[in-house]
1. Report the full-extension gain for the segment residue 141 to residue 217: residue separation times 0.36 nm, less the Cα-Cα distance, to one decimal in nm.
2. Given 81/119; 81/101; 197/226; 158/217, which pairs have Cα atoms separated by over 25 Å?
3. When N is the residue count of the stretch 49-197, what does its C-alpha Rg come to as a fraction of 2.2 N^0.38 Å?
4. Expressed in nm to one decimal, what extension gain is obtained for the pair residue 117 and residue 180 from 0.36 nm per residue of sequence separation less their Cα-Cα distance?
5. With N set to the number of residues, divide the alpha-carbon radius of gyration of the stretch 52-124 by 2.2 N^0.38 Å and report two decimals.
6. Determine the distance separating the Cα centre of the stretch 155-184 from the Cα centre of the stretch 65-96; give it in Å without decimals.
7. Regarding the stretch 121-186, what's the average projected area of the Cα-atom convex hull, expressed in nm²?
8. Between residue 210 and residue 124, with labels modelled 7 Å along Cα→Cβ, what's the label distance in nm to one decimal, could you check?
Amino acid sequence: MMKRRSNGKGRAGDSRDNMAQSSTSRDEEVAWEMRPGGMLVQKRGEKSDAPAPNLCLRISFGALRYEMSASAQSTFGELKKALTAKAGLQPGEQRLLFRGKERENGEYLDMCGVKDRSKVVLMEDPTGIERRAVEMRRNARIQTAHRAILNVSMEVDKLAEQVSAIENSISNGVKVPELQITTPIEMLMRQAIKLDKISAEGDASAQKNLQGKRVQKCVESLDVLKISNAKVKPVVVTTKWETFDPPPTTAKWEFFD
């Protein structure tokens, strides 16, 4: 009896072909597609006419627990958007873990094995925590700048009233003491120094520039008033006294025996 010798190389070739085919089939299974919103998601097979079931998901976020209803054919990215209101985190600040593995935004719930009452762990992205801390520090600086600018504005308001009063006096021909002009100038320059030390951005920067222009305008007005005040001649007040003659007096003498 003759036996047919098997070809080892042939079997090895068939094995390689099978591996290539299985690899190709796996690539086809994890094919991706671009949705109209720009999100890259796993490409699904032919859609059936049956509606996708809704799943009740148990969301664990630290010590907090949520229950969310989501379609089985929704993505983890869509689940993040739905969690924004409850968790107080933007989708970019969220990380969703299922079965100990972080899931990408484009992965479908049902294709990852998510079922009704499945537990999904929500974590805050460390970069989101750092970004929020930076934003809080920035807001604190802006608020500090606003308070400092407000204090300067109140002082400038008072000094502007003094400038207006000095201007009215000089325009009426009344010479004011020079110290009454130089003192507000010095106080305004102090406010200008305070403004220079304030680190401001955004709207606070615009307010800072506005107050700086007010200070400059008041100082320029006082410089002009100082020159005008030097030209005002002091008013000499002379008092004219009216004299009265004393009334005539007649003395009556009384005689005694």
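1. 24.6 nm
2. Over 25 Å apart, Cα to Cα: 197/226.
3. On the way: Rg = 30.9 Å, N = 149, 2.2 N^0.38 = 14.7 Å.
Normalised Rg, Cα atoms only: 2.10.
4. Extra length from residue 117 to residue 180 when fully extended: 14.6 nm.
5. Here the answer is 0.96, to two decimals.
6. 65
7. Averaging across all directions leaves 6.5 nm² for the Cα convex hull.
8. 3.5
Read the figures in this text as sums done on the coordinates, not as results from a lab. Computed from a predicted structure; not experimentally measured. Quick reminder, even Gly has a Cβ in these numbers, built from the backbone with ideal geometry, and neighbours come from all protein chains shown.
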